[in-house]
Structures are given as structure tokens and as C-alpha cells.
Amino acid sequence: MEQIEQIEKELKSLRATLQHHQLYTNLNALDDVKIFMSEHVFAVWDFMSLLKALQFHLTCVTLPWKPVENATTARFINEIVYGEETDINELGEPRSHFEMYLDAMHEVGADTYSIQNFLEHITTIDSIEAYLNTSYIHEKTQEFVKFTFDVIQTQQPHIIAAAFTFGREDIIPDMFLEIIKKAEINNDKKYTKLTYYLERHIELDGDEHGPLSLQMIEELCGSDTNKWNEVLIYAKLALEKRIQLWDGITEQIKHKVLA
């Protein structure tokens, strides 16, 4: 774990910037959460593309099936895919975390038009950038998604795993849960889907997916110094893109207040 500890140390300042981002002091009401979700949903979606890219590289998804080179990393990624793509929602129904997020957006009244229109129009990786360049999606959100697919197109599992593992800092669920509780009292309504999503996210990431992802990085890099260096480079880039995404969302919330 020595290399992992060194990377964590190198990422400390970026994580501190993220954890103390002004976004959090601007999230004060349900309307702010709606704005946040309408942009953050793109990060929830492209996280699944990072995940599936890892599954493509680390497991056998072609025919005829053949044993993979490293069954340990294959197991890691299949366990994460199982939890993220086919989890159980608050009603006991199989649902991906992205779909749970969309359901929560509908429940609180957040705008889903941009993400749904985006998904209707993209067909290939190349079509993603072409669509984003002509869309009204916020510039920082566009840049975040483009970076994700730049990472995927490196075709390097350790680089993809770096963005997947270190670049996906969570929102602050406790703050969100407090806002939701206040909104429930004020509106005399329960927002069970968003509450469930947040609590489930905390449970899986902390207890299962986080540790698995770190083990996957160690397996992919081994004793290869170049790979470890690239992991650090892309981990930093991914966190910088997350900070910029937060900047863009903060701008929109402030604009709403000024308007």
C-alpha cells in the first residue's frame, strides 16, 4: 500500500480544495439541489462509462469466451459492476445507480431534459464530443465529460482506473440529507428516492467499492513505476476536472440567486 499512500498524500491539497469548495456554502435549499443534480447527473452517467471501459479491458466480453489474464482484477470489476449497474432500489427493484439518480431527480423536480436529450442523440464515443460542441450544456460540464472519454480512449486500464478510483470525490451527503429533511418539512412531502440513493451510495462506496478500487489499482500497476506515475497524473487531472465542474455549478446557483 506504499504507492497508494504516496498518491493519497499527493492528492491531499486537491481534495482539500474540493472538500471546502464554495459550492457547499451555496447549497441552501431544494432549488439549489435541483440545479446541482441537473449538472451532476452527467458525472453519474459517465462514471458508468468508465466502469464499463474497465470491464471491457479486465474481463472477457467477447466470443468465444477465454480466461482473462488476471482473475483478481476481473472479480474486482465484476463486483463493482454488479453493484452499480444492477443494484436494488428502495422498492426492491433492480436498478442502476444512474437510473436511481434520474428517479430521484424526477421526485424532487430537477430538470432531466439535458441528460435525456443527450442520451437520445449519442450513438458512439465520437458522437459525444460532436453533440456536446453544439449543445447548451454548461461548458464546465462539457469539459468534464470530454475528459472522461479522453481517459477511456487511452485504452490503458491503469489510467482509466485512476480516474475511476481517485477522481470521483463524493458530494457531501450529510449536507444534502439535511436540505432534503428541511424541504420535506416545508413541503409536507417525502423525498425517499434521493435519500435512499445518497445513503446507498455512502454504504457501497465506503464499505465495498472504495477498497476494491484501490486493490484494483495495485493489481494493475504492480511494480511498474511508469504506471504508478501515470496513475498520479491522471488522478490529479480528474480531481481538477471535478473542481471545475463544481465551479460551473456554483456559477449557475449564484446566477439563480442574482436573477
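The values are calculated or read from the model by the stated rules, or taken from the named source; none is laboratory data. Fair warning: this is a prediction, and the values are worked out from it, not measured in the lab. Because the Cβ atoms are built from the backbone with ideal geometry, glycine has one as well, and the counts that use them run over all protein chains shown. Remember, those area values only see protein heavy atoms, side chains included, never the ligands or the DNA or RNA. Shrake-Rupley method; radii C 1.70, N 1.55, O 1.52, S 1.80 Å.
So here's what we get for this one:
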quantity	calculated
Mean shadow area of the chain, taken as a quarter of the surface of its Cα convex hull (nm²)	14.7 nm²
Charged-residue dipole, Cβ positions (Lys, Arg, Asp, Glu), the stretch 207-259 about Cα centre, Debye nearest 20	420 debye
The chain, accessible surface, carbon-and-sulfur percent (1.4 angstrom probe)	50 percent
Value of Rg to Rh for the stretch 39-119 (Rh from inverse mean 1/r over Cα pairs, i.e. Kirkwood)	1.07
For the stretch 82-130 versus the stretch 5-29, the gap between their alpha-carbon centres in whole angstrom	26 Å
The chain: angle of helix 192-204 to the longest principal axis, Cα-based, in degrees nearest 10	30 degrees
Using distinct alpha-carbon pairs, which all enter the 1/r mean, Kirkwood radius of the stretch 1-68 in Å	15.8 Å
Positive dipole terminus of the stretch 3-104, leading residue within Asn26, Ala71, Phe47 (C-beta point charges)	Ala71
Under DSSP loop assignment and at most 14 Cβ neighbours within 10 Å, longest trypsin sites (Lys or Arg not before Pro)-free interval of the chain	1-188
Cα-centre dipole for the stretch 49-167 with unit charges at Cβ (Lys and Arg positive, Asp and Glu negative), debye to 20	500 debye
Ranking by accessible area, most exposed first, for His158, His201, His106 with a 1.4 Å probe	His106, His201, His158
On Cα atoms only, tilt of 225-258 relative to the major axis of the chain in degrees	10 degrees
Karplus (6.51, -1.76, 1.60) ³J(HN,Hα), θ = phi - 60°, over the stretch 136-143, in Hz, Gly and Pro reported as x	9, 5, 3, 3, 5, 5, 4, 4
Percent breakdown of C-alpha pair distances by 10 Å bin, ordered from the shortest bin, for the stretch 45-183	10, 32, 38, 17, 3, 0
Of the chymotrypsin sites (Phe, Trp or Tyr not before Pro) in the stretch 1-108, those whose Cβ has at most 10 other Cβ within 10 Å and which sit in DSSP loop	Trp65
Positive-end residue of Met100, Thr112, Leu132, charge dipole of the stretch 99-221 with Cβ unit charges	Thr112
Low-density loop positions, chymotrypsin sites (Phe, Trp or Tyr not before Pro), the stretch 114-165 - DSSP coil, at most 10 other Cβ in 10 Å	Tyr136
Amide H partners (placed H, <5 Å) of Arg95, local residues excluded	Asp87, Ile88, Asn89
Cα long-axis angle, helix 173-187 against the chain (0 to 90 degrees, to the nearest 10)	30 degrees
Dipole magnitude (debye, nearest 20) for the chain, charges at Cβ of Lys, Arg, Asp, Glu	340 debye
Of Gly222, Gly92, Gly109, the one that fluctuates the most in a GNM where the chain has Cα springs shorter than 10 Å	Gly92
